[in-house]
Amino acid sequence: MMRKYMIFSIVLSVLISIYQNTSAETFDHSKFDQILMQYVDRNGLVDYNRIAKDSRFKEYVESLASAKVDELSRNGQLAFWINAYNAVTIDKVIQWKPKKSVRETLVPGVWTSTKFFTTRDHNIAGRRLSQDDIEHQILRKELKEFRIHFAIVCASSSCPLLARFAFTAENVQAKLEEETRKYINSSRGTRIDAAENILYLSKIFDWFSGDFKYKSGSVLEFIRPYLGNEAVKFLERDPKISYIHYDWALNAKEPLQ
């Protein structure tokens, strides 16, 4: 009898474990995945006008409000908040209709406002949140995932290219590695001036240097594993570090309607 009870207990534990693992990621990102694939081109330009007319996007944004994020696995939470940041940003562009930049102010040509990122216009997982809330409080502070700097997109030309897929619990780790490597090795992320012995880095590495130091000890140690052979060899020259001008021009495929 005792042996049968032990076997039953083991089988029950295994079944519970399987159920918990298979049900951990329950949020459906498929509509957002379809939107990104259809309306973001390979240069990262976004067709906001067509997204605005597609009911799937509205349905996806509305679905974010009732998400039970605490029931997701860590990877599920990570994927959810990256997608939420990007979806909120897209929705704000559609609603606010900036002409040239998300940092526009009432003074033409002066791009200094941060209200686009700080206003809490959206209900996400039962809370009114801004993009800054998602980025700084959840992704950076709570989840402590710093590769998100290459996955969340601020609708601007110097940002990473907006991915043409939605992140999921299953793909988020591999995709974060892929997007990090892609950005670091792009002209937006790093540039080499061999003649002047200068390594130009994205301003992201200046603004969030503390994140990369926390993760790897320094910015250069963070980027080193992602760099190509030529760039790694260039680091041996102990180059001067300078930063690339950050272009806040809107990443729209065409003027907003």
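The values are calculated or read from the model by the stated rules, or taken from the named source; none is laboratory data. Predicted model, so just to flag it, every value in this text is computed and none were measured. As a convention, Cβ positions derive from the backbone with ideal geometry for all residues, glycine included, and neighbour counts pool all protein chains shown.
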Quiz item: Taking segment 152-170 as the search range and keeping residues that are in contact with a strand residue (DSSP E or B) (Cβ under 7 Å, 6 or more places away or on another chain) and part of a loop (DSSP other than H, G, I, E, B), which one is farthest from Val88 (Cα to Cα)?
Solution: Ser157
Quiz item: Taking only pairs six or more apart or across chains, which ones have beta-carbon atoms under 7 Å, a first residue in segment 110-125 that is farther than 15 Å from Lys100 by Cα, and a second residue that is at pLDDT 95 or above and in a loop (DSSP other than H, G, I, E, B)?
Solution: Phe117/Ser130; Thr118/Ser130; Thr119/Ser130; Arg120/Ser130; Ala125/Ala67
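Table: residues versus (1) surrounded by fewer than 20 Cβ atoms within 10 Å (Cβ to Cβ); (2) modelled with pLDDT of 95 or more; (3) within 21 Å of Ile134 (Cβ to Cβ).
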| residue | (1), (2), (3) |
| --- | --- |
| Ala151 | no, yes, yes |
| Ser157 | yes, yes, no |
| Phe167 | no, yes, yes |
| Asn171 | yes, yes, yes |
| Leu176 | no, yes, yes |
| Glu179 | no, yes, yes |
| Tyr183 | no, yes, yes |
| Ile192 | yes, yes, no |
| Glu196 | yes, yes, no |
Quiz prompt | Ile124 being of a type outside the set (Asp, Glu), crowded, with 22+ Cβ neighbours inside 10 Å and under 21 Å from Val219 (Cβ atoms) | solution = no
Quiz item: Considering only segment 171-217, how many residues are part of a helix (DSSP H, G or I) and touching a strand residue (DSSP E or B) at 6+ places or on another chain (Cβ under 8 Å)?
Solution: 3
Self-check item: Scope segment 218-257; condition assigned to a loop (DSSP other than H, G, I, E, B), within 21 Å of the chain's Cα centre (by Cα) and of a type outside the set (Asp, Glu); matching residues
Solution: Leu227, Ile244, His245, Tyr246, Trp248, Asn251, Lys253
Quiz item: Out of curiosity, is Glu135 under 11 Å from the mean Cα position of the chain (by Cα), more than 20 Å from Asp33 (Cα to Cα), in contact (Cβ under 8 Å) with a residue 24 or more places away in the chain and assigned to a loop (DSSP other than H, G, I, E, B)?
Solution: no
